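In what follows, a single structure is set out as structure tokens and then discussed.
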Amino acid sequence: MLRRQRTSSLLNALLWFLFFIAMTMKQAYGQSISSSEIHQIVQTFIKEEVHKMESFDCRLYTPTLADYKKCPRSTLTCFTTEVKVLMLEYGKRSSSLHQKRLTKRLTKLMSLIKQEDGANCPHCEVHREQAANDFLTTLLGILEWMNNQGSQLPDSH
């Protein structure tokens, strides 16, 4: 009887240990870098806010997917900075909930991305300026590409 209880306790401890390892590995390697939540925030922002921006003349530096593939972190840094500019320029006309969530998610996403040290990445101001709608559409396309890549990080060293 005592031996059975000891075996049961040991087995229970082992199962909890394996569960902990599995959950840690899932968090470290199994999640997509770009969550579907940030994708939804940008889509909602485009649907609900962009039509209000038609008379709003704001040009934003807009990196491309090719820029992201070469310099993922600096590209996301540029997008994050330009989203903040967009929010400042657009001001109270936009939902503050979308503003806060989008900025927060982009900053979090940016912190997860690494890039090569000697990648020779351009500054944000080097990219072409585009209208807010085109900027957000490009951002959405890059987020979709990231989601399609699953949990694979861009090349990083």
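Just so you know, all these numbers are worked out from the coordinates, no wet-lab data involved. A quick note: this is a predicted structure, and the numbers were derived from the prediction, not measured. In this analysis, Cβ positions are derived from the backbone assuming ideal geometry, glycine residues included, and neighbour counts consider all displayed protein chains.
Here is how the numbers come out for the structure above:
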| quantity | calculated |
| --- | --- |
| Residues 103, 62 arranged by fewest to most Cβ contacts within 10 Å | 103, 62 |
| Residues 79, 135 arranged by fewest to most Cβ contacts within 10 Å | 135, 79 |
| Least to most buried among 89, 82, 125 (fewest other Cβ within 10 Å first) | 125, 89, 82 |
| Proximal charge balance of residue 62 [Cβ under 12 Å; K/R count +1, D/E count -1] | -3 |
